[in-house]
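Student: Okay, handing you the structure first.
The values are calculated or read from the model by the stated rules, or taken from the named source; none is laboratory data. Fair warning: this is a prediction, and the values are worked out from it, not measured in the lab. Neighbour counts are summed over all protein chains in view; Cβ atoms, including those assigned to glycine, are modelled from backbone coordinates with ideal geometry. Please note that ligands, DNA and RNA were not included when accessible areas were found on the heavy atoms of the full protein model with its side chains. Shrake-Rupley method; radii C 1.70, N 1.55, O 1.52, S 1.80 Å.
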Amino acid sequence: MQNLWFKISAFLVIISALFAKPAYAQADNATLATADSLFLNQHYTEALPVYEQILKERQLYSPQMLLKMAYIKEGLRDYTGAMYYLHLFYTKEPSRSVLRKMEELAQTHRLQGYEYNDLQFFKTQLSKHYMRILELMLLAAVVTATVMFFSWRKGHQFTNLFKVGFTLYLLFILYYINFLDLGDAGIIRNNHVAIMSAPSAGGSWLATATEGHKVPIRGEQDIWYEIEWKGQKAYIRKSNVLELP
């Protein structure tokens, strides 16, 4: 029995090493401190490029930094940028207060697509913890399979119910990895954007949209995104959409 658990423990150590996240260098504290100092002194237009540099080059950010960037963008009347950074904050720290802020901003400036419900809140929570949930499910599957293998070698027979249940569990993991769709969305980044009925300039014109509207992305075709616009299928050029992560 001790030998069995030793083998299982060794296997878990290997699996943990495989799933361990690489260590990333922290953002340059001096650069971040400079941006924060500029922000505190109300030099917002000077602070913003420094924050954007940290975000773009290092792909690192804190919730506080995103809120500051959203605040600056809102002050500059760049509602696409404000909504984008609020969305980044929300995916990192889901909270209903941020949802209310986005809804308030959308209502004030008549922007569409920011109506939220409990299902969307649940999807955001699931998206935030997607990898951790996957790691735990895979770990449970590996441990179960390992115990099953050594038990089988000792002559243990498993019931059909157990076999079916474990098979369904593995199929669910495959579905979770390959087919689980939490929905993609983007924010229109330009004014006077044509919403078309087909992915070509020869399609029928449906509407002209302004920046800041959030649209669900259903697919893509060449230089076009397939979106949903006021309940119907439509198309928009990719260059006019800032895709949300």
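Student: Tell me the angle of helix 118-128 to the major Cα principal axis of the chain, expressed in degrees between 0 and 90 and rounded to the nearest ten.
Tutor: Taking Cα atoms only, the helix is inclined about 70 degrees.
Student: Over the chain, give the accessible area per residue in Å² for a 1.4 Å probe, as an integer.
Tutor: Values: 15470 Å² over 245 residues.
For the chain, the solvent-accessible area averages 63 Å² per residue.
Student: Also: Under unit Cβ charges (Lys, Arg +1; Asp, Glu -1), what dipole magnitude, rounded to 20 debye, does the chain have relative to its Cα centre?
Tutor: 800 debye
Student: Turning to a different aspect of this structure: Which residue, Gly212, Leu171, Gln64, has the largest displacement toward the positive end of the dipole of the chain when charges sit on each Cβ (Lys, Arg +1; Asp, Glu -1)?
Tutor: The one lying farthest along the dipole's positive direction is Leu171.
Student: Specify which residue in the list Ile54, Met102, Phe150 is farthest towards the positive end of the charge dipole of the chain, using unit charges on the beta carbon of Lys, Arg (+1) and Asp, Glu (-1), about the Cα centre.
Tutor: Phe150
Student: Relative to the Cα centre, what is the charge dipole magnitude of segment 55-115, using +1 at the beta carbon of each Lys and Arg, -1 at the beta carbon of each Asp and Glu, and rounding to the nearest 20 debye?
Tutor: Taking the Cα centre of segment 55-115 as origin, the dipole is about 120 debye.
Student: In the chain, which longest range has no chymotrypsin sites (Phe, Trp or Tyr not before Pro) that are both DSSP loop (not H, G, I, E or B) and surrounded by at most 13 other Cβ atoms within 10 Å?
Tutor: On the way: sites that count: Tyr24, Phe158, Phe179.
Longest site-free region, per DSSP loop and neighbour criteria: 25-157.
Student: Of Tyr130, Ser37, Leu76, which is farthest on the positive side of the dipole of the chain, counting Cα position, with +1 on Lys and Arg Cβ, -1 on Asp and Glu Cβ, and the Cα centre as origin?
Tutor: It is Tyr130.
Student: Give the angle, between 0 and 90 degrees and rounded to the nearest 10, that separates the Cα long axis of helix 63-75 from the longest principal axis of the Cα atoms of the chain.
Tutor: So the helix axis and the longest Cα principal axis differ by about 20 degrees.
Student: Continuing with the same structure: Could you give the angle, 0 to 90 degrees to the nearest 10, between helix 2-19's Cα long axis and the longest principal axis of the Cα atoms of the chain?
Tutor: Helix 2-19 sits roughly 20 degrees off the main axis of the chain.
Student: Whenever you get a sec, line up Met102, Met137 from highest to lowest accessible area (probe 1.4 Å, protein heavy atoms).
Tutor: Largest accessible area first, the residues go Met137, Met102.
Student: Then there's this: Would you mind checking segment 94-131 for residues with the amide N under 17 Å from a putative spin-label position 7 Å along Cα→C-beta of Ala207?
Tutor: Backbone N within reach: 106-116.
Student: While we're looking at this one, here's another question. Counting Lys and Arg as +1 and Asp and Glu as -1, each charge on the Cβ, what is the dipole of segment 45-87 about the Cα centre in debye, to the nearest 20?
Tutor: So the dipole magnitude of segment 45-87 works out to roughly 80 debye.
Student: Whole-Hz ³J(HN,Hα) for each residue in segment 231-245, computed from phi via Karplus 6.51 cos²θ - 1.76 cosθ + 1.60 with θ = phi - 60°, x for glycine and proline: what do you get?
Tutor: Coupling constants for segment 231-245: x, 10, 6, 8, 9, 9, 5, 4, 5, 9, 10, 9, 6, 7, x Hz.
Student: Under the rule of at least 5 residues apart or a separate chain, name every residue whose amide H is placed under 5 Å from the amide H of Glu226.
Tutor: Arg218, Gly219, Glu220, Gln221
Student: Connecting C-alpha atoms closer than 10 Å in a GNM of the chain, tell me which of Ala185, Ala141, Ala209 has the biggest fluctuation.
Tutor: Answer for the Gaussian network model of the chain: Ala141.
Student: Rank Met83, Met148 by accessible area, highest first, at a 1.4 Å probe radius?
Tutor: Result, largest first: Met148, Met83.
Student: Could I ask something else about it? Per-residue HN-Hα couplings for segment 191-204, Karplus 6.51 cos²θ - 1.76 cosθ + 1.60 at θ = phi - 60°, whole Hz, x for Gly and Pro?
Tutor: Once rounded to whole Hz, the list reads 8, 6, 8, 7, 9, 10, 7, 9, x, 6, 5, x, x, 6.
Student: In nm, to one decimal, how far is the modelled label at Ala198 from the one at Tyr176, with both set 7 Å along Cα→Cβ?
Tutor: 4.4 nm
Student: Here's something else I'd like to know. Over the Cα atoms, compute the radius of gyration (one decimal) and Dmax (the largest Cα-Cα distance, rounded to a whole number) for segment 57-116, in Å.
Tutor: Answer for segment 57-116, Rg first and Dmax second: 11.2, 34 Å.
Student: Have a look at Leu161, Leu134, Leu126 and tell me which one the Gaussian network model of the chain (Cα, springs below 10 Å) gives the largest fluctuation.
Tutor: Largest GNM mean-square fluctuation: Leu161.
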